[in-house]
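Notes follow the structure.
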Amino acid sequence: MDIAVIGSNMVDLITYVSRMPEQGETLEAPDFRLGCGGKGANQAIAASRLGSKVVMVSRVGNDAFADNTLTNFRDNGIDTTHVLRTAASSGVAPIFVDPQSRNSILIIKGANSLLSPEDIDNAADDIKSCQLIVLQLEVPLETVYHAVDFGRQHGIPVLLNPAPADPSLDYDKIASIDYFVPNESELALLTGNPVDTIDQVKTSAQELVDKGMRNVIVTLGHRGVLWVSAAGSEFIPAQSVKAVDTTGAGDAFIGAFSHSLVRGLPVADALRMANAYAADSVTKQGTQSSYATAEEFAAISSQMGHETPSV
Ligand code: ATP
Ligand code: RIB
């Protein structure tokens, strides 16, 4: 195995709206799409579509959504040995996308809120065979902390995407993380600092590096990404594309970055590749439905003349 994703899966109920309804109003929306989502699953699918061998540690409910999620993981080549059926409803995410391609997301965690430290221990042999552990915050924090400790004990690098933002995240328990990948609002919440300018983002990220994090990688939407480490900082501007639906862009970015890392690319090259992969994803509707396979991404990169590091 290459990558262990220890995290969530959801069913995305994506409604494309002309505007949000007022309280008490019924409003027709132009379009709807049902898809597989959840930050953990999205990141796993992106990495797997690019060619990484991914094992998922996750929980689904005991409903029809669960069958669909398991089938989707398998169809995308993901090892589901540690995706556990649970006496709960599956995670669900009603998502609203406006004409400017901005999204608003509700999450109902369901079975995801039952993913436990013991689930990690039960998957220990498979996780130990991986070169990277990837985490998000749609499962209990105690499970996330246990995964961080597991990585440290077994010498496996850990990437944490602190999304959705959680004010109770205990910095001391994640201070040793190898790759910390927030977006700008998650960074603001964790540090309490303003992040209105790139310089402010850099100052906040530097603060985390000074406290012990190895690499802080801040995704900045249509602006691109900022990487800060003890060696310095680098800003990589986003690719210029026409955005249709940015839902799951951060997950596309993390899946592609993780894949590039385990394939041995240096961090700067892995970031360029992830930046291009995520930009392509925002040109298409949906979350996982917008993630290219390795072949599709190679074709898109050559059509657009991107100088994207290949993996
Ligand atoms: P989400 O929660 O919707 O998944 P996020 O807030 O976690 O997104 P963003 O910072 O919005 O993540 O985007 C992640 C990456 O996707 C960016 O760093 C960039 O590489 C790419 N990206 C996002 N939006 C655009 C855009 N409009 N044009 C080009 N690239 C984009
Ligand atoms: O990051 C996008 C994801 O957030 C969606 O797929 C939704 O399920 C929520 O988890």
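Worth pointing out:
- Those GluC sites (Glu not before Pro) in segment 206-311 that DSSP places in a loop and that have at most 15 other beta carbons within 10 Å: Glu307
- Neighbourhood charge, 13 Å Cβ-Cβ cut-off, centred on Leu114 and excluding it, Lys, Arg +1 and Asp, Glu -1: -1
- Amide proton proximity set for Gly224, modelled H, under 5 Å, gap of 5+: Ala238
- Rounded to the nearest 10 square angstrom, Cys36 shows an accessible area of 30 square angstrom against a 1.4 Å probe.
- Entry note: segment 174-231 has Rg to Rh equal to 0.92, where both radii use alpha-carbon atoms and Rh is the Kirkwood radius.
- Mean silhouette area of segment 79-137, derived from the convex hull of its C-alpha atoms and averaged over all directions, reads 5.8 nm².
- Rounded to two decimals, the Cα radius of gyration of segment 41-164 over 2.2 N^0.38 Å is 1.08.
- Taking amide H atoms as placed 1.01 Å from N in the peptide plane, the amide H of Gly38 lies under 5 Å from those of Met10, each 5 or more residues away in sequence or on another chain.
- Put simply, the amide H of Arg85, placed in the peptide plane, has neighbours under 5 Å in Val60, leaving out anything fewer than 5 places away on its chain.
- For the chain, relative contact order (Cα pairs under 8 Å, six or more residues apart, normalised by length) works out to 18 percent.
- 3J(HN,Hα) from dihedral phi, segment 6-13, Karplus parametrisation 6.51/-1.76/1.60, rounded to Hz, x for glycine, proline: 10, x, 8, 9, 9, 9, 8, 10
- Net length gained if the chain between Ala231 and Glu25 were fully extended (0.36 nm per residue, minus Cα distance): 68.8 nm
- Debye log10 I(q)/I(0) for segment 92-230, one point scatterer per Cα, at q = 0.08, 0.10, 0.18 Å⁻¹: -0.24, -0.37, -1.09
- Whole-angstrom gap from segment 131-176 to segment 70-98, using each part's C-alpha centre: 20
- From its DSSP helices (H runs of at least four residues, each -39,500 (n - 2.57)), the chain gives a residue-normalised ellipticity at 222 nm of -11000 deg cm²/dmol.
- Modelled this way, with points 7 Å down the Cα-to-C-beta line, the labels at Ala175 and Lys53 are 3.7 nm from one another.
- In this simple spin-label approximation, Ser185 and Ala298 carry label points 7 Å from Cα along the Cα→Cβ vector, and these lie 3.8 nm apart.
- Prolate/oblate/rounded call for segment 143-217, Cα gyration tensor, a/c under 1.5 rounded: prolate
- Gain upon complete extension [Arg152, Gln100; 0.36 nm per residue less C-alpha separation]: 14.5 nm
- Debye log10 I(q)/I(0) for segment 162-311, one point scatterer per Cα, at q = 0.12, 0.14, 0.16, 0.18 Å⁻¹: -0.48, -0.66, -0.85, -1.06
- Compactness relative to 2.2 N^0.38 Å, alpha carbon Rg of the chain: 0.94
The values are calculated or read from the model by the stated rules, or taken from the named source; none is laboratory data. No experiment lies behind these values; they were computed from the predicted model shown. Note that we place each Cβ from the backbone using ideal geometry, even for glycine, and neighbour counts take in every protein chain shown. SASA here: full protein model, heavy atoms, side chains in, ligands and nucleic acids out. Shrake-Rupley method; radii C 1.70, N 1.55, O 1.52, S 1.80 Å.
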